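Structure first, commentary second.
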Amino acid sequence: MVRIRFYGKLEERYNDLAVGRGEAKHLHMLIAKAIEKIKENPHKGKVIPKPQIPFKYKQLGITTLRRMNLDERWRLIYTLDGSDIEIVAVLLEWKDHPEYNREFGYD
């Protein structure tokens, strides 16, 4: 079983996207589809190499990080926690591709 949890106020931001228009509504749909994929297979996202994990995540005690491409522009960042019985996928944030590249050292 996979349970989805949002970090901090991210769930509030996600819900705000649902009532938005245009790009916001589109991003909400992309994230909703990604959540379903993570529920089906929590290991679907690509593992981010440990040396590329930003310090802000390491400060939270996160040692493994995954990313899922939402489309050509947006990336979902998440981590897994739990046991074989229950896996918790913690959605940490979403970033547009250029911002993701800057933060994770792909520039």
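Readers should treat all values here as calculations from the given coordinates under stated rules, not as data from a laboratory. What you are looking at is a predicted structure, and each value in this text was computed from that prediction instead of being measured. Positions of Cβ are generated from backbone atoms using ideal geometry, with glycine treated the same way; all protein chains shown enter the neighbour counts.
Filtering segment 55-77 down to residues that are basic (Lys, Arg) and closer than 29 Å to Ala24 by Cβ, which residue is surrounded by the fewest Cβ atoms within 10 Å (Cβ to Cβ)?
Lys56
Could you please give the count of residues in segment 33-61 that are more than 18 Å from Gly105 (Cβ to Cβ), in a helix (DSSP H, G or I) and within 13 Å of the chain's Cα centre (by Cα)?
7
Restricting the search to segment 15-32, which residues are under 12 Å from the mean Cα position of the chain (by Cα) and without any contact (Cβ under 8 Å) to a residue 24 or more places away in the chain?
Once the filter is applied, which keeps residues that are under 12 Å from the mean Cα position of the chain (by Cα) and without any contact (Cβ under 8 Å) to a residue 24 or more places away in the chain, segment 15-32 yields only Ala32.
Please find, within segment 1-14, the residue that is nearest to Ser83 (Cα to Cα) out of those that are assigned to a loop (DSSP other than H, G, I, E, B) and either in contact (Cβ under 8 Å) with a residue 40 or more places away in the chain or touching an Asp or Glu at 6+ places or on another chain (Cβ under 6 Å) (or both).
Applying the filter and picking the extreme gives Met1.
Tell me which residues, restricted to segment 85-101, are under 23 Å from Lys39 (Cβ atoms) and among the charged types (D, E, K, R).
Residues satisfying the conditions are Glu86, Glu93, Lys95.
Given the structure, is Thr79 within 21 Å of Met1 (Cα to Cα) and assigned to a loop (DSSP other than H, G, I, E, B)?
So Thr79 does not fit the description; no.
In segment 78-89, which residues are crowded, with 18+ Cβ neighbours inside 10 Å, touching a residue at least 24 places away in the same chain (Cβ under 8 Å) and closer than 14 Å to Ile48 by Cβ?
If the condition is that a residue be crowded, with 18+ Cβ neighbours inside 10 Å, touching a residue at least 24 places away in the same chain (Cβ under 8 Å) and closer than 14 Å to Ile48 by Cβ, then Tyr78 is the only one that fits.
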